[in-house]
1. Which FRET efficiency value, to the nearest 0.05, do you get for Thr129 and Tyr191 by plugging their Cβ-Cβ distance into 1/(1 + (r/R0)^6) with R0 = 22 Å?
2. Compute the helix-to-body angle for 523-534: its Cα long axis versus the longest principal axis of the chain, expressed 0 to 90° and rounded to tens.
3. Using the Cα centre of the stretch 423-581 as the reference point, and only Cβ charges (+1 on K/R, -1 on D/E), how large is the resulting charge dipole? Debye, rounded to the nearest 20.
4. Efficiency by 1/(1 + (r/R0)^6): what FRET value for Ile416 and Ser359, r their Cβ-Cβ distance, R0 = 22 Å, to the nearest 0.05?
5. Identify, among Ile511, Val484, Ala469, the residue whose Cα sits farthest towards the positive end of the charge dipole of the stretch 465-523, taking +1 on the Cβ of Lys and Arg and -1 on the Cβ of Asp and Glu, with the dipole about the Cα centre.
6. Counting only heavy atoms of the protein chains, get the accessible area per residue of the chain (1.4 Å probe) and round it to a whole Å² value.
7. Could you calculate the contour length gain from Ile182 to Ile77, that is, 0.36 nm times the residue separation minus the distance between their Cα atoms, to one decimal place in nm?
8. If you find the alpha carbon centre of the stretch 189-204 and of the stretch 309-375, how far apart are they in angstrom?
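The values are calculated or read from the model by the stated rules, or taken from the named source; none is laboratory data. This is a predicted model, so every value here is computed, not measured. Neighbour counts run over all protein chains shown; Cβ positions are idealised from the backbone, glycine included. These area figures cover heavy atoms from the full protein model, side chains too; ligands, DNA and RNA do not enter into them. Shrake-Rupley method; radii C 1.70, N 1.55, O 1.52, S 1.80 Å.
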Amino acid sequence: MNKKSQEFPLTKIQWLWQNMKGMRAIYIFGMFLTIVYNVMQLTVPYFSSKLIDTFLAGENAAENLRTKSDLFYKLLIAMVGLTVLRAIIVYIDCMIFENTSQHVLYKIRNFLYDKIQRQDMTFYSTYRTGDLMTRVTGDLDAVRHMVAWVVRIVIESFSLFAAAAFFFLYINWKMALCLLAISPFVFVIIYMFRNQVAPMHALLREKLAQMNTFAQENISGNRVVKAFAREDYEMEKFDTSNCDYRDTNKNTARVWLKFYPYVETIADLMPVVMLLIGGLFLMTPYFTMGEYVAFSGLIWAIANPMRMMGNIMNEFQRFSAASKKVMEIYYSEPKIKDKENAIPHPDRFKGSIEFKNVSFQYEDGDLPVLYDIDFKVNPGETVAIMGETGCGKTSLIHLIPRFYEPTAGEVLIDGIDVNDYKLEDLRKNIGLATQDVLLYSDTIEGNIAYGDSQIKPEEVVKFARYSAANDFIAKMPEGYDTIVGERGVGLSGGQKQRISLARALAVKPSILILDDTTSAVDLETEKQIQNSLNNLDFPCTKVIIAQRISTTKNADKIIVLNHGRITEMGSHSELIAKKGYYYELVKLQTGIEEL
Ligand code: DUT
Ligand code: MG
């Protein structure tokens, strides 16, 4: 997946609109209400102009007040009534915008979470956790802000401006044109502002992601920080990142400050033009005092939207930068997914595994990590994989559940290429205990039953027995109900490994893969585990990565990897006879000089 130059099928606004499905009608109604309450706002000056001309400043004011006093009161009541009605509409409108935005937020967030869940390993090595977290929280909130606030303010500004402009033209077009002639200058300034502020917002989102990534990595890796007493150093590093974010924020705000005086000056020119030209017009019969009051009472409805333009443009750019980051995840597609013609295999696999001339290279790697791997394991057999650290053992076993795809050759299970299975069918048949154990913050029972939530409690105990974990679990104050912390805090390395083994066994897999799973348990316990693995009550092919001869010597087949190539393959006795790496290893581990 290319992180940088991703094309989206929809524009940002279209995408937002698409995610408003189900809420569109009410949202449009909200937009309509926004127009309504803004236009209503203009009626107050209209009524006051009427009141002034008829009852206060006009030629027959005193006369009118006496003879048409009921009209006077009607106008007053209409003014108050409209103000109250307007307040109610504003309230309803705000609720509509807020509700819709929360709905959109909820919908997109769930969608993103689902997307992230279904991504492949390459995705997880491309995006860092803190970055992803920022996208589903901060960036997404900027998107919500667009729906909840920006759109409403845009409509408010435009409807106010348009209504006031029409109203002015209606009352006195000459005066209105003199005022409106100033407004185009604002658009030129806003356009220039947009070009400068857009890259700032992109940078700002980047900095926020950086800061969050930094904090996330630091918090989850806090044990390393403590072990090396590097708190001050980490604090300093965070401070730098925090400062950087603050400064970028300040610089973004400063861009507006540069343009703000010009916009403000233009907006402020309005009342001046009003005074000058209006004053002159007042001396002619074409412009009444009532009209002057109506104009000056509404001059803000022209000037304020101009002032808001900068804000609106700023918010648009913020939305644009944030939605780009959200859409990147929204439209990301895992490379490893079900083939279109994948055939379902609901039945249990028999469990034969075959690697046919498999080579593999990581997308970001320079060299292949596996070359020409060729071997076969029959159902129920045990294969052990050995070799120096970094020789490609973990990479090899990751090809079986199709975490990655070989660059050449194929991996077959029961004679079918793993690419042809549905991922769910394939992975359901595989029990994997990974090299770095990750337990969830849940009870021990919940952790063991992770792959099969239907499993009975007595079965959980059975699998814990198989993995020699029952004894220490039973000794814990709350037994299987003991909550283990994030990543299994509160357990020893060997204890965690044994729970992870029980978790892998609990799905009763046709293929069990253990990646260095007993490296941290003592020899006695390991022997116990070996025994139970040999006597499982379900058929199972085992692929075991280990460094200890005691773990591997009884395997049907031992594979020795060296720099990504199979250098030795055979049973314990065959490999001893070969007098190669395995032979040397046995000598080293048993301390016997000659075998
Ligand atoms: N490698 C990558 N990207 C990864 C993982 C590994 O480039 O995401 C490289 C590192 C190493 C090679 O692949 O040079 C093989 O790594 P692997 O993890 O397969 O080695 P291992 O045999 O499992 O080593 P260990 O015994 O330390 O677990
Ligand atoms: Mg490994």
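1. 0.05
2. Relative to the chain, helix 523-534 is tipped by roughly 90 degrees.
3. Approximately 580 debye in magnitude.
4. According to the calculation, E is roughly 0.60.
5. Positive-most Cα among the choices belongs to Ile511.
6. Roughly 51 Å² per residue, with all protein chains present.
7. 34.2 nm
8. With the stretch 189-204 and the stretch 309-375 each reduced to a Cα centre, they are spaced 33 Å.
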